[in-house]
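Only the coordinates and a few stated rules stand behind these numbers; no lab work does. Note that the coordinates shown come from a computational prediction; the quantities given were computed from them, not determined experimentally. Note: ideal-geometry Cβ built from the backbone for every residue, glycine included; neighbour counts use all protein chains shown.
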Amino acid sequence: MNNNSKVNTGTDIKNNFEKNARLAYEQQSETLDSQTLHRLRLAREIALTKQTRASWLPSLNLKWLTGAGASLALASVLTFMIVPNITTNKLSPLDDLEILTAEADLDLVTHMDFYQWIDESALSESTL
Amino acid sequence: MNNLTSNSDNKIEDFLIHIEKRAFVMARTAIGDKEEALDIVQNAMMKLVSNYSNKDSKEWPPLFHRIMQNQINDWHRRQKVRNTWRLWLRNDKGDENDFRDEPLENKSNEYDQLPEQALSNMEFSQSLENAVTALPLRQKQAFMLRAWEEYNTRETSKIMSCSEGSVKTHYSRALASIRTCLEKEERGIHHEQ
């Protein structure tokens, strides 16, 4: 019984302390100087102004930015798909390789004097 | 639609008006600097408004306090780094007490020796602020949220991002330390008399 009354007393005093601490806190916040109150009002106004700007930005810009971004991406993809095809129509690297590796053509290059002699002989025969 | 937005703006403005003074006292007590405290309150307001204004208004108080406590923690971390560099550059150990974050050993759950006289007078407010200011940061936060803002242990643990057990420990140590501090002050007053 005595223990219970001790515990209750301790708890009551603790609650009383918390209550008084809260009152002191309220008292401090209600006795702030005018300069601090002015600064707090400004801080609040700035925060609320930012919200107005933030809420305006997504509604207006995000739609346009998303559309523009999608168009740009599509244009890029199409460009990369079409441009290589145009270049392959002109000349393929494989064609070059075939020409360079063809034996006949290499003979032609290496025996140029011989073919020149045939041409000259044919020309002189025709004139005779 | 415009009316809805306007009502929502008014609602959050009312909430900010309601909370701003207490938030400032809390930040000032946690930091000990008026200008820095004003900056922290403004940043917390901005973050709440820009990120959580669409939330249910019942969620605003714990969200606001969580944002503010995180900012207070960040501020203390930055200060710690600055002080470390300052100390290193000066090669001086004079300010080491600034970094103390060690829990106090004076644990006690008995409050029957609290100086009742001090609780009732106007000086109590200043004495309490001094005592709370002298606490380590986590104890300070636990005390302000539990005793001042009347959050329960679970809510406080969410705001402080720690376990309920830690909140209980921080709060208990904070109360014991404040009690000791007020008792010392009371004894000092008696000695002067």
For region B:53-62, Karplus couplings with θ = phi - 60° (6.51, -1.76, 1.60), whole Hz, Gly/Pro x: 5, 7, 6, 4, 4, 5, 7, 4, x, x
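In the structure displayed, which of A:K14/B:K184; B:K34/B:K184; B:K11/B:K34; A:K50/B:K55; B:K34/B:K80; B:K21/B:K158 lie more than 25 Å apart, Cα to Cα?
Check vs 25 Å cut-off fails for B:K34/B:K184; B:K11/B:K34.
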Spin-label pair B:R187/B:S161, simplified geometry with 7 Å Cα→Cβ offset, distance in nm: 4.0
Average partner coverage of A:32-41, which counts Cβ from other chains inside 10 Å: 4
Derived scalar couplings ³J(HN,Hα) [region B:156-166; Karplus, 6.51 cos²θ - 1.76 cosθ + 1.60; whole Hz; x for Gly, Pro]: 4, 5, 5, 5, 8, 6, 8, 7, 5, x, 5
